[in-house]
Amino acid sequence: MAAGGFNKLPNGTVVVALNLPSPAADGAGSVRVLVHARNRARALTRLRNQGLRAVYLRGNAAPPTPDEITAVLHHPDGLIWRTAPENALGRPPELWRPIGSLVGRPTVWA
């Protein structure tokens, strides 16, 4: 599907990063999605549970950077997104957002 990758952390969990086509109707390009989970399969399941049904991780071509890992580890949900860097067009990168704002559902804070 799209470029993506993962990093296994010292505690055994993984951070998965995927570049996905933007679900916006304006065809805004792609978004970078980060997921923190126990393993790769669970990370993809978390995305599918949010409504992103056709996500697959094939290979490790675009693993998360150390800054991305830090961002997702410090987010309470461990599931964030922003416009992909290649879409920035010389602008500074956007802030990370909760996944609820991407798929149209409000984020529920527990």
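The values are calculated or read from the model by the stated rules, or taken from the named source; none is laboratory data. Since the model is a prediction, treat every value here as computed from it, not as a measurement. Every residue, glycine as well, gets a Cβ built from its backbone with ideal geometry; the counts of neighbours run over all protein chains shown.
Could you run through segment 68-79 and say how many residues are modelled with pLDDT of 90 or more and either in a helix (DSSP H, G or I) or in contact with a helix residue (DSSP H, G or I) (Cβ under 7 Å, 6 or more places away or on another chain) (or both)?
Residues flagged as modelled with pLDDT of 90 or more and either in a helix (DSSP H, G or I) or in contact with a helix residue (DSSP H, G or I) (Cβ under 7 Å, 6 or more places away or on another chain) (or both) within segment 68-79 amount to 7.
Check whether at least one residue in segment 6-27 is modelled with pLDDT under 85, hydroxyl-bearing (S, T, Y) and in contact with a strand residue (DSSP E or B) (Cβ under 7 Å, 6 or more places away or on another chain), and report yes or no.
The answer is yes, given that some residue of segment 6-27 is modelled with pLDDT under 85, hydroxyl-bearing (S, T, Y) and in contact with a strand residue (DSSP E or B) (Cβ under 7 Å, 6 or more places away or on another chain).
Looking at L44, L57, which one is closer than 15 Å to G5 by Cβ, among the aliphatic types (A, V, I, L, M) and either modelled with pLDDT under 80 or part of a helix (DSSP H, G or I) (or both)?
L44
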